[in-house]
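These notes are about the structure you will find just below.
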Amino acid sequence: MSELKPLIFATLLFLILTSIASISTRSVRAKTDAPPATSAAKASLPGPNLIVNGSFEQSPDPGGSWQHYDAGATAISGWRVSFGEIDLYKGITTPFGQKTIDLDGQNAGGVSQAIKTEPGCSYKLKFYIGSYDSDEKKVFARAAGSRTSWPFSVPGGSQEHPGLRELFCVFKAREITTTIEIGSGKPGTQGPILDNVSCVKIADAPPPSVAAPPAQTATPPTATTAPATEEEEEEEETPAAPAAPGTPPAPQGN
């Protein structure tokens, strides 16, 4: 019997070590097969384009080369003439289609569209602007209480060569719906030519900060305390800072 003890001990030791190795292997395999913890939290930014009919192709046929619209008109799908007058042009081929908007009818005008937004999130409004002549013009974009404007000109600009260029601005949404507006900032018979408007979310709202509780200090008792007087101060609202302009050209304040 004494001769069997070493053999029994060796067998038990072998079985214990084999079990430990098997458990370790399963643990490593489980960790390897598990998806990364951050895979479900990947940001899907920038988001989809929130603008409807950004190149104005979904609009009535002007019949001729252009159609005039006054303030309040909603014939162009998704858009409203927000002020003044505009002209819808057809037949001038751009990379985005055959229709563009002249932001000056007989007077400076603009167009607007309401989009769904998330308060606190940042959005990029982008569009293309050009001109049918060489005169200096001015265009502005407005959203969520901020306004950015750009002066520009297109040397040799014409209906065949409007010289479209990209402009953009960034704004932070305040409400669940934000109205974006793009308009002419300088009256003229030939205004800025607008095409291919888009707006995408580029940043989520920052997480709320947790303020530390105020420190409590003991106040020594006083013999007598005069009644407190309350003075109401009128709160002054500070306007939002202008959104960052696109390039080119450099933005100019209004």
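The values are calculated or read from the model by the stated rules, or taken from the named source; none is laboratory data. Small disclaimer: the values here were computed from a predicted structure and weren't measured. All Cβ positions, glycine included, derive from the backbone under ideal geometry; neighbour counts span all protein chains shown.
Assorted remarks:
Residue-by-condition table, conditions (1) at negative phi; (2) in contact with a Leu (Cβ under 8 Å, 6 or more places away or on another chain); (3) not basic (Lys, Arg):
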residue: ASP70; (1), (2), (3): yes, no, yes
residue: TRP79; (1), (2), (3): yes, no, yes
residue: LYS90; (1), (2), (3): yes, no, no
residue: ALA108; (1), (2), (3): yes, no, yes
residue: GLN113; (1), (2), (3): yes, no, yes
residue: THR117; (1), (2), (3): yes, yes, yes
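- Qualifying residue in region 74-93 (condition: touching a strand residue (DSSP E or B) at 6+ places or on another chain (Cβ under 6 Å) and without any contact (Cβ under 8 Å) to a residue 12 or more places away in the chain): yes
- Candidate set from region 157-169 (those that are touching a residue at least 60 places away in the same chain (Cβ under 8 Å) and out of contact with any Phe, Trp or Tyr (no Cβ under 7 Å at 6 or more places or on another chain)); member that is surrounded by the most Cβ atoms within 10 Å (Cβ to Cβ): CYS169
- Comparison of VAL139, VAL154 shows that the only residue that is free of Cβ contacts under 8 Å to residues at least 60 places away in the same chain, part of a strand (DSSP E or B) and either buried (at least 17 other Cβ atoms within 10 Å of the Cβ) or more than 14 Å from the chain's Cα centre (by Cα) (or both) is VAL139.
- The residues of region 142-151 that are surrounded by 17 or more Cβ atoms within 10 Å (Cβ to Cβ) and either on the phi > 0 side of the Ramachandran plot or in contact with a helix residue (DSSP H, G or I) (Cβ under 8 Å, 6 or more places away or on another chain) (or both) amount to a single one, ALA144.
- The condition of being buried (at least 17 other Cβ atoms within 10 Å of the Cβ) and either in a loop (DSSP other than H, G, I, E, B) or at pLDDT below 95 (or both) holds for GLY191.
- Some residue of region 52-71 being acidic (Asp, Glu), free of Cβ contacts under 8 Å to residues at least 40 places away in the same chain and crowded, with 21+ Cβ neighbours inside 10 Å: no
- Strands (runs of 3 or more DSSP E) (entirely within region 49-112) containing at least 1 residues that are of a type in the set (Lys, Arg): 80-83, 85-94, 97-102
- For first residues located in region 110-133 and closer than 14 Å to ASP195 by Cβ, partners that are acidic (Asp, Glu) and modelled with pLDDT of 95 or more and lie 6+ apart or on another chain with Cβ distances below 7 Å form the pairs LYS126/GLU166; TYR128/GLU166; TYR128/ASP195.
- In region 176-187, the count of residues that are surrounded by fewer than 17 Cβ atoms within 10 Å (Cβ to Cβ) and under 27 Å from SER134 (Cα atoms) is one or more.
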